[in-house]
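Below is one structure, written out as structure tokens, with a few remarks after it.
The values are calculated or read from the model by the stated rules, or taken from the named source; none is laboratory data. Fair warning: this is a prediction, and the values are worked out from it, not measured in the lab. For neighbour counting, all protein chains shown are included, and Cβ atoms are generated from backbone atoms with ideal geometry for every residue, glycine included. What goes into the accessible areas is simple: the full protein's heavy atoms, side chains included, and nothing from ligands, DNA or RNA. Shrake-Rupley method; radii C 1.70, N 1.55, O 1.52, S 1.80 Å.
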Amino acid sequence: MKHNFVKEVTILLEHLATEQRNEKTKHLDGMTTREILHVMNEEDRAAVIAVSKQLDCIEKIVHLVIAAFRRGGRLIYVGAGTSGRLGLLDAVECPPTFGTEPAMVQAILAGGLKAISEAVEGAEDDEEAAVRDLQAVGLTKNDVVIGIAASGRTPYVVSALRYAKQIGAATGSIACNKGAVISQYADAAVEIETGPEVLAGSTRLKAGTAQKMVLNMISTASMVGIGKVYGNWMVDEQATNEKLKERAKRILIEATGVSAEEASRYYEQAKGEVKTAIVMILRQCGYEEAKERLQQAEGFVRKALE
């Protein structure tokens, strides 16, 4: 039976904290530029504090993501408007930063690719499209779906999370209001109380800032959890240009103490694989043995060096 989520999750906007008028900026149009910048900076600082109060919940999501990756699943962000675009931003940065396949972390936006650069009318209310979009990427119970919605009640996101649970996939949610509807469909729910925006209802501001911080935490901590980081170096980074190649060699110098000349030589011998080069240098072994050590260590450099 079809569920009308638009009707089910419709909440009067005036009841959402993110839609209230900010008392500090009721005369925004009468402020000087300096005053506007000061209050915006002040409100962004409040967003950082609001995120800090949700670390336990964010940790739960990270554990869900790591578990999904370990069983061969994917992380799929789902959102509409700014929230969806923030999910996409985080997803597309994972391959170059952590050397992941593009499908491992991906984002689904209400309205499709067109919604990246322009608003797609009615897309966030299309609950059936959310199901179709998840079916199109072949969602399975091995995956984890994270719904992102500042309001916490976007029908497209609610529908996606509900479908994910029906499939048996793990679910997480990120909202900027307490008692969010999407939290009801999440195994781990993050509710960041960012409050009224400087510009009433414009959740691309501190709500968006808070969501971006949480997404950064989720992807980064999850990648650390599956061995994509050694120390605080991006040892699986894809060196697709000269700047990144030089960064890779600098990592070898810092991580192992070799000279610049030796770093270049090992980098070439390791076929541009920083992790492999580190193991080759510190364990004084060849390429094949270094690869074998990393495989047995499930990609963790520190463990491969034991």
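Here is a list: 227, 257. Which entry is at positive phi and within 25 Å of the chain's Cα centre (by Cα)?
227
Among the residues of region 80-103, which ones are within 12 Å of the chain's Cα centre (by Cα) and either surrounded by 21 or more Cβ atoms within 10 Å (Cβ to Cβ) or aliphatic (A, V, I, L, M) (or both)?
Answer for region 80-103, where residues must be within 12 Å of the chain's Cα centre (by Cα) and either surrounded by 21 or more Cβ atoms within 10 Å (Cβ to Cβ) or aliphatic (A, V, I, L, M) (or both): 83, 84, 86, 87, 88, 89, 90, 91, 92, 94.
Please determine whether any residue of region 137-146 is open to solvent by 10 Å² or more (accessible area, probe 1.4 Å), in contact with a Phe, Trp or Tyr (Cβ under 7 Å, 6 or more places away or on another chain) and farther than 30 Å from residue 24 by Cα.
Within region 137-146 (the criterion being open to solvent by 10 Å² or more (accessible area, probe 1.4 Å), in contact with a Phe, Trp or Tyr (Cβ under 7 Å, 6 or more places away or on another chain) and farther than 30 Å from residue 24 by Cα), the answer is no, since none of the residues qualifies.
Any residue in region 98-114 that's assigned to a loop (DSSP other than H, G, I, E, B): show its pairings with residues that are open to solvent by less than 40 Å² (accessible area, probe 1.4 Å) and of a type in the set (Asp, Glu) at Cβ separation under 9 Å, as long as the two are six or more apart or on different chains.
Every condition considered, the pairs that remain are 99/236; 99/237; 100/236.
Just need a number here: residues in region 204-213 that are within 17 Å of residue 157 (Cα to Cα) and buried (at least 24 other Cβ atoms within 10 Å of the Cβ).
Here the count works out to 2.
Please give the number of the condition residue 65 fails out of (1) β-branched (Val, Ile, Thr); (2) part of a helix (DSSP H, G or I); (3) surrounded by fewer than 20 Cβ atoms within 10 Å (Cβ to Cβ).
(3)
Could you list, in sequence order, all residues of region 246-255 that are under 20 Å from residue 300 (Cβ atoms) and open to solvent by 30 Å² or more (accessible area, probe 1.4 Å)?
254
How about region 220-245: which of its residues are part of a helix (DSSP H, G or I) and either without any contact (Cβ under 8 Å) to a residue 60 or more places away in the chain or surrounded by fewer than 21 Cβ atoms within 10 Å (Cβ to Cβ) (or both)?
Answer for region 220-245, where residues must be part of a helix (DSSP H, G or I) and either without any contact (Cβ under 8 Å) to a residue 60 or more places away in the chain or surrounded by fewer than 21 Cβ atoms within 10 Å (Cβ to Cβ) (or both): 220, 221, 224, 225, 242, 243, 244, 245.
Is it the case that residue 76 is assigned to a strand (DSSP E or B), at pLDDT 95 or above, β-branched (Val, Ile, Thr) and open to solvent by less than 60 Å² (accessible area, probe 1.4 Å)?
yes
Are any residues in region 165-203 farther than 22 Å from residue 76 by Cβ, touching a Gly at 6+ places or on another chain (Cβ under 8 Å) and crowded, with 17+ Cβ neighbours inside 10 Å, and if so, which ones?
Matches in region 165-203: 177 only.
Within the set of pairs 6+ apart or on separate chains, which have a first residue in region 187-214 that is on the phi < 0 side of the Ramachandran plot, a second that is assigned to a helix (DSSP H, G or I) and among the basic types (Lys, Arg), and C-beta atoms under 6 Å apart?
188/60; 194/206
Yes/no per residue for (1) at pLDDT 95 or above; (2) under 22 Å from residue 87 (Cα atoms); (3) of a type in the set (Gly, Ala, Ser); (4) under 27 Å from the mean Cα position of the chain (by Cα):
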position	(1), (2), (3), (4)
207	yes, yes, yes, yes
211	yes, yes, no, yes
234	no, yes, no, yes
283	yes, no, no, no
287	yes, no, no, no
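Suppose we keep only residues that are among the hydrophobic types (A, V, I, L, M, F, W, C) and touching a residue at least 24 places away in the same chain (Cβ under 8 Å) within region 37-55. Which one would you say is surrounded by the fewest Cβ atoms within 10 Å (Cβ to Cβ)?
48
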